[in-house]
Amino acid sequence: ILDNRIVRIPILFDDYSLFRRRVDFAEWRRSALDVIAQYDVTVFGLHDCYARHWIEEYDDFLRQILDLAEIKTVSEISADVIMRAAV
């Protein structure tokens, strides 16, 4: 969403529940993949300070995401929104 020349990108989920030990990685991954499959665009965050909770599974998780969707950075999404608004 472009609002007053600022690209606003809603974040649907992140890894905070892993950090707080509310879920284990397997449960978190299942939920994440379900959300990714459900939406045309899904933006989520992984914090490097919480990496100990997901780093060993990261490569496999990325492969699973690539089976569902194209991966873009937040910078790429922002650029896409700005370019569409310029047309």
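The values are calculated or read from the model by the stated rules, or taken from the named source; none is laboratory data. Fair warning: this is a prediction, and the values are worked out from it, not measured in the lab. Cβ coordinates were reconstructed from backbone atoms using ideal geometry, including for glycine residues, and neighbour counts include every protein chain displayed. Only protein heavy atoms, including side chains, enter the accessible area calculation; ligands, DNA and RNA are left aside. Shrake-Rupley method; radii C 1.70, N 1.55, O 1.52, S 1.80 Å.
See the values below:
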item	result
Lone unmet requirement of (1) farther than 22 Å from LEU18 by Cβ; (2) under 14 Å from the mean Cα position of the chain (by Cα) for LEU66	(1)
ASP34 within 25 Å of SER75 (Cα to Cα) and modelled with pLDDT of 95 or more	yes
Evaluation of ASP60 against (1) within 22 Å of LEU18 (Cα to Cα); (2) at pLDDT below 95 (one fails), failing number	(2)
Per-region count, region 59-70, residues surrounded by 13 or more Cβ atoms within 10 Å (Cβ to Cβ) and assigned to a loop (DSSP other than H, G, I, E, B)	1
Matching residues, region 29-64, being under 24 Å from VAL81 (Cβ atoms), of a type outside the set (Ser, Thr, Tyr) and out of contact with any Phe, Trp or Tyr (no Cβ under 7 Å at 6 or more places or on another chain)	ILE36, ALA37, GLN38, ASP40, VAL41, VAL43, GLY45, HIS47, LEU62
Which numbered condition THR73 fails, given (1) surrounded by 13 or more Cβ atoms within 10 Å (Cβ to Cβ); (2) under 11 Å from the mean Cα position of the chain (by Cα); (3) among the β-branched types (Val, Ile, Thr)	(1)
Residue in region 1-28 that is nearest to ASP80 (Cα to Cα), counting only those that are open to solvent by 40 Å² or more (accessible area, probe 1.4 Å), part of a helix (DSSP H, G or I) and in contact (Cβ under 8 Å) with a residue 24 or more places away in the chain	TYR16
Condition check for TRP54: surrounded by 10 or more Cβ atoms within 10 Å (Cβ to Cβ), in contact with a helix residue (DSSP H, G or I) (Cβ under 9 Å, 6 or more places away or on another chain), of a type in the set (A, V, I, L, M, F, W, C) and at pLDDT 95 or above	no
Filtered residues of region 29-48 (kept if in contact (Cβ under 8 Å) with a residue 24 or more places away in the chain, open to solvent by 60 Å² or more (accessible area, probe 1.4 Å) and either in a helix (DSSP H, G or I) or at positive phi (or both))	ALA37
